[in-house]
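Written out below as C-alpha cells is the structure these notes cover.
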Amino acid sequence: MRLIAAFLRMIRLPNLIFIALTQVLFYECIIRAILDPLHISPAIGRISLIFLILASVFIAAAGYIINDYFDINIDQVNKPTQNVVDAVVSRRWAMLWHMIISGAGVLFSLYVFLRTGFWFIPLANLFCVFILFVYSLSLKRKLLSGNILISLLTAWVIMILFLVEVKFTSNQVPPEGMDASHKIIRLGLLYSAFAFIITLIREAIKDIEDIEGDRKYGCKTMPIVWGINASKIYVAVWLVVLLALVIISQVYVSQFSWWWPNLYSTVFIIVPLGYIFLKLFPASTPQQFHKLSSLSKLIMLTGILSMIFFRFYL
C-alpha cells in the first residue's frame, strides 16, 4: 500500500483527474453543445475522446515522474517530507515508469490517429513527451522559459480538442458549419488563454515559494534573477490581465442575460483573484506563498467548471 500511495503521489493523481475533467467538459459542454443542435457529428467520437484523454493523462503522469527524478536534491530542501523518488521509489524504477507510461501515452495517440486520421495528434503528443523531459532536465531552472512552457502545455489540453474540431467542422455545409466553427474557436481561445495565464501566475508564485532550494542548486528562476519584489509585480500584472479578461467576458455575455454564469464567475473567479492580488505583496514566507499557489490552482478548477454553464446557455 505504501508503494501504491507513493506512486499515486508521484504521478499527481488529482492533477491527472483535472486534465481528464477539462477535456471531458470542453467536449461535452462546448463542442457537443454547439454541434448537437445542428446535427453535426464531432470530429472525435466518444471512444476516440477516451483514448485522447488517456494519452493526455499518461503523458502528463510521465512528465511528473521525470520532473521528480531530476528534482531530488531541490525537493529535499523545498519539500523534504514529500519526496517519493529515492525515498520510496528507486531512481531506476522511476525512469522505467517514465518510459513505460510516456510510451503508452504515445500509443494511445496513435490509436486516435488510426480512428480519426488526424496525424498531428501523435506527433504533437510525442513532442510533449520530449519537451517535458527537456523541461525537467534544464528548462525549469531557467528564467521564464520553464514557466511559459508549462503554461503552453496546460493550454494545449484544451487547444488540441478545439483545433481538431475547427479543422473538421469548418468543412461542414455552410453557413452552419462555419458558425459553429467560429463559436468553438472563440470559446477554445478564451479557455486556453485562461489556462495559460493562471498557470503563469501559479508557476511564478511557486518559484517564489521554492526560492531557497532553487538558489542552493544554481537555478535561474525569476525570483532569483529579478528578485522577489519584481516577481510579485510580474504576478500582479498577469492578475490584472486575467481579471480584465474575465470581466470583459462577463460584460459581453450580459447582453444575453447570462446572470447565473456572471454570478458564478464573480464569486468563484474574480473575488479569489482579487484576494491573491491583495495578499501577494504582504506575503513573505513559503507557507504564505504556498497558500496563494494553492488558491490559484483552485481558481483554475472553478474556471474550467464554468464550462458547464454553456451546456445550458448555448
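Which condition does Trp258 not pass, out of (1) within 23 Å of the chain's Cα centre (by Cα); (2) surrounded by 16 or more Cβ atoms within 10 Å (Cβ to Cβ); (3) within 30 Å of Lys183 (Cβ to Cβ), if it passes all the others?
(1)
Pairs only if they're at least six apart or on different chains, beta carbon under 8 angstrom, first in region 111-124 and within 13 Å of Leu161 (Cβ to Cβ), second modelled with pLDDT under 85 and among the charged types (D, E, K, R); list them, first residue then second.
Phe118/Lys167
What tally of residues in region 283-307 results from selecting those that are aliphatic (A, V, I, L, M) and more than 17 Å from Ile19 (Cβ to Cβ)?
Selection size over region 283-307: 3.
Scan region 166-178 residue by residue and report those that are at pLDDT below 65 and not aliphatic (A, V, I, L, M).
Those that are at pLDDT below 65 and not aliphatic (A, V, I, L, M): Thr169, Ser170, Asn171, Gln172, Pro174, Pro175, Glu176, Gly177.
Within region 22-33, is there a residue that is of a type in the set (Gly, Ala, Ser), in contact (Cβ under 8 Å) with a residue 24 or more places away in the chain and either at positive phi or exposed (fewer than 12 other Cβ atoms within 10 Å of the Cβ) (or both)?
No, region 22-33 contains no residue that is of a type in the set (Gly, Ala, Ser), in contact (Cβ under 8 Å) with a residue 24 or more places away in the chain and either at positive phi or exposed (fewer than 12 other Cβ atoms within 10 Å of the Cβ) (or both).
Scanning region 281-301 for residues that are polar (S, T, N, Q) and surrounded by 15 or more Cβ atoms within 10 Å (Cβ to Cβ), which turns out nearest to the chain's Cα centre (by Cα)?
Per the stated criteria, the residue is Ser296.
Does Ile158 satisfy the condition of being surrounded by 21 or more Cβ atoms within 10 Å (Cβ to Cβ) and at pLDDT 85 or above?
So Ile158 fits the description; yes.
Would you mind finding the one in Ile44, Ile19 that is outside any helix (DSSP H, G or I) and either in contact with a Ser or Thr (Cβ under 7 Å, 6 or more places away or on another chain) or modelled with pLDDT under 85 (or both)?
Of Ile44, Ile19, the one residue that is outside any helix (DSSP H, G or I) and either in contact with a Ser or Thr (Cβ under 7 Å, 6 or more places away or on another chain) or modelled with pLDDT under 85 (or both) is Ile44.
Please enumerate the residues belonging to region 40-55 that are touching a residue at least 12 places away in the same chain (Cβ under 8 Å) and either in contact with a Leu (Cβ under 9 Å, 6 or more places away or on another chain) or hydrophobic (A, V, I, L, M, F, W, C) (or both).
Hits for region 40-55 are Ile40, Pro42, Ala43, Ile44, Ile47, Leu49, Phe51, Leu52, Ile53, Leu54, Ala55.
Residue under question is Leu163, and the condition is that it be more than 14 Å from Phe26 (Cβ to Cβ) and modelled with pLDDT of 80 or more; does it hold?
No: the conditions fail for Leu163.
The values are calculated or read from the model by the stated rules, or taken from the named source; none is laboratory data. Just so it is clear, the structure is predicted and the values come from calculations on it, not from any experiment. We place every Cβ from the backbone using ideal geometry, glycine too, and count neighbours over all the protein chains shown.
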